[in-house]
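Since the structure comes first, as structure tokens, the remarks are kept for the end.
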Amino acid sequence: MKIFTTANELRQYLVQLKASGAAINLVPTMGALHQGHLSLIQEAQRRGGAVICSIFVNPKQFNDPKDLELYPRPILDDIKKLEQINCDILFNPAVSELYADNESWHLNIGELEGMLEGKFRPGHYQGVTHVVHKLFDLIKPDTAFFGQKDYQQFMVISHMVAEMNFPVNLVMCPIQREPDGLAMSSRNIHLTPDDRQHALILSKTLHWVKQNFNPNNIQRLKHDAEKAIRDEPGVELAYFEIADGDTLHSADNNTKKIVALVAAKVGKTRLIDNVLIG
């Protein structure tokens, strides 16, 4: 695996790679890699071409400086995992490599900016689109792979790609779960054993909603789901939404594509999860 820490070195290498006719597949991550991330890389490998994994803890998408400080950065462990699955390239830049001092950025994301995650984490999606724009501009991938767990983020990036006419194909890959159903996340390492058990209420409730889904009874399902999560010790619900998968507006009995989404703090750790219903 080739490892690059500067944009110039990576750019020069990609010129040669593209001249050989290889397709470029990008998997952007913030590191602390787990099987969820690795599944994105494996999907990219199945498509053929060269696979680039970027690891960059993006300061622009953290509202809370403490959250940024605590974000895990086990880079040596990450490199080992990438080598084990034969990833072609790792791009692991410093903050100063991607951002100039006093750099400004604003993208009109429309309604998505203030809904669900956007409402609870103001400015978050500006930070996400800023860094993904930089990565797309530098790497010019043919295809980029993202996880379904960040469903709203995928919608925001899709909006940016359409708005800016980036010639990149976006692929959303399914959520990877632990055997007990917990969605894999880099943040799971912060859960105490008790938190870990209490966190299962999120995936259990999502799957209960999916199994019991009735388009004529959405409000009742939402109410019961919220109650189940609020009744779980050590869990503080931010939101539970049964939404239109194309707009994130609340679903009704005419909605064709439905996603149920949840965010909650379990102990001191904020988790998100979702499930596609139809």
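Tabulated results
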| read-out | value |
| --- | --- |
| Quotient of Cα Rg and 2.2 N^0.38 Å for the chain, N being how many residues it contains | 1.02 |
| Estimated inter-spin distance, Glu83 and Ala23, nm [label 7 Å along Cα→Cβ] | 2.9 |
| Charged-residue dipole, Cβ positions (Lys, Arg, Asp, Glu), region 186-270 about Cα centre, Debye nearest 20 | 160 |
| DSSP bridge orientation in the chain - percent antiparallel, rounded to nearest 5 | 50 |
| Farthest positive-ward along region 168-224 dipole, Cα basis, beta-carbon charges - from Gln211, His198, Pro179 | Gln211 |
| Within region 2-173: Cβ-based charge dipole about Cα centre, in debye rounded to nearest 20 (Lys, Arg +1; Asp, Glu -1) | 400 |
| Under 10 Å, Cβ to Cβ, from Gly278 - net charge with Lys/Arg +1 and Asp/Glu -1 | +3 |
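Just so you know, all these numbers are worked out from the coordinates, no wet-lab data involved. These numbers were taken from a predicted model, which means no experiment stands behind them. As a convention, Cβ positions derive from the backbone with ideal geometry for all residues, glycine included, and neighbour counts pool all protein chains shown.
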